[in-house]
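Notes to accompany the following structure.
Only the coordinates and a few stated rules stand behind these numbers; no lab work does. Nothing here was measured: the structure is a model prediction, and the numbers come from that model. So basically every Cβ, Gly included, is an ideal-geometry build from the backbone, and we count neighbours across all protein chains shown.
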């Protein structure tokens, strides 16, 4: 059974400058085109506004993962030092919280970073050994704006004119871009 995503057709426009890409994406969205994705060699500030993307929930996931790391670190240290293996060292209390700060901080950062990266890879379907096609020269010096042709009313001439107004180098059409 064919994948629904592979049955769609796409139009991709290549740009040399990020300003042209942002303007092209914003105008394409306002003209009623469905912006599928944007491929850039580096993060482009303002691209999320041009594509009208909602704010990312990854910051909240990282915050909750950090809180989980903090709770895990404190619980582990209190349990091992006060209940499992209590040692009287110099008359100090078994649950001396100032001593727990470095390990707790490290586990907070570790959980936050690893879980956030794991969620990012899972959300973007960047599995190990995944075979995703990458456009030529996108990682070097090109920017690509991909529009989805979601129905038969997609006007390729209108899209090509829109891209040419924003200095597109090349416009290609196909069904195996992504």
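Order of 126, 47 from fewest to most other C-beta atoms within 10 Å? Display every interim value, and only then the final one.
Details: 126 10, 47 18.
If I rank by nearby Cβ atoms, fewest first, I get 126, 47.
Running a GNM on the chain with Cα contacts under 10 Å, which residue among 146, 44, 78 ends up with the highest mean-square fluctuation?
78
Give the calculated FRET efficiency between residue 110 and residue 8 to the nearest 0.05, with a Förster radius of 35 Å applied to their Cβ-Cβ distance. Spell out each step's value before the answer.
Values: r = 40 Å, r/R0 = 1.14.
That pair, residue 110 with residue 8, gives E of 0.30.
Quick one: length gained pulling residue 29 to residue 129 fully straight, 0.36 nm per residue minus the C-alpha distance? Kindly include the intermediate steps, with their values, before the conclusion.
Details: separation 100, 0.36 × 100 = 36.00 nm, distance 3.31 nm.
Going from the current span to full extension adds 32.7 nm.
Compute the long axis of helix 58-78 from its Cα atoms, compare it with the longest principal axis of the Cα atoms of the chain, and write down the angle in degrees, 0 to 90, nearest 10.
Value to nearest ten degrees: 10.
Starting with the fewest neighbours, write out 81, 130 ranked by other beta-carbon atoms found within 10 Å of each beta-carbon.
Working: 81 19, 130 9.
Least crowded to most crowded, the residues run 130, 81.
Run the numbers for residue 153 and residue 94: contour at 0.36 nm per residue of separation, minus the present Cα-Cα distance, in nm.
Values: separation 59, 0.36 × 59 = 21.24 nm, distance 7.19 nm.
Additional length available on full extension: 14.1 nm.
Which angle from 0 to 90°, rounded to the nearest 10, does the C-alpha axis of helix 156-165 make with the longest principal axis of the chain?
The helix 156-165 is inclined about 70 degrees to the chain.
Tell me what the chain gives for mean residue ellipticity at 222 nm when only DSSP H runs of n ≥ 4 count, each as -39,500 (n - 2.57), the sum divided by the residue total, rounded to 500 deg cm²/dmol.
Values: 5 runs with 75 residues, N = 178.
For the chain, the value works out to -14000 deg cm²/dmol.
Classify the chain: rounded, prolate or oblate, from the alpha-carbon gyration tensor (a ≥ b ≥ c, eigenvalue square roots; a/c under 1.5 rounded; otherwise prolate if a/b is larger than b/c)?
Values: a/c = 3.79, a/b = 3.02, b/c = 1.25.
It is prolate, given that a/c is not under 1.5 and a/b is the larger ratio.
To test your reading of the geometry: what angle, between 0 and 90 degrees and rounded to tens, separates the Cα axis of helix 97-123 from the longest principal axis of the chain?
20
Taking 0.36 nm per residue of sequence separation and subtracting the Cα-Cα distance, how much length would be gained by fully extending the chain between residue 170 and residue 64, in nm to one decimal?
33.8 nm
Rounded, prolate or oblate: pick one for segment 73-128, where a ≥ b ≥ c are the square roots of the eigenvalues of its C-alpha gyration tensor, a/c under 1.5 means rounded, and failing that, prolate if a/b is larger than b/c, else oblate. The partial results should precede the final answer.
Details: a/c = 5.80, a/b = 3.44, b/c = 1.68.
Since a/c reaches 1.5 and a/b is larger than b/c, the shape of segment 73-128 is classed as prolate.
Which of the peptides 21-27, 161-167, 115-121, 83-89 is most tightly packed, and how do the rest follow, going by the mean number of other Cβ atoms within 10 Å of each residue? Don't skip to the answer; put the middle values down first.
On the way: 21-27: 21.7, 161-167: 16.4, 115-121: 14.4, 83-89: 9.3.
Descending mean neighbour count gives 21-27, 161-167, 115-121, 83-89.
Compute the projected area of the convex hull of the Cα atoms of segment 60-156, averaged over all viewing directions, and report it in nm² to one decimal place. Before the final figure, lay out each step's value.
Values: hull surface 47.1 nm².
Directional mean of the projected Cα hull area for segment 60-156 stands at 11.8 nm².
If you rank 40, 75, 104 by fewest surrounding Cβ atoms within 10 Å, what's the result? Intermediate results must be reported in sequence, preceding the final value.
Numbers: 40 16, 75 11, 104 20.
Result, fewest neighbours first: 75, 40, 104.
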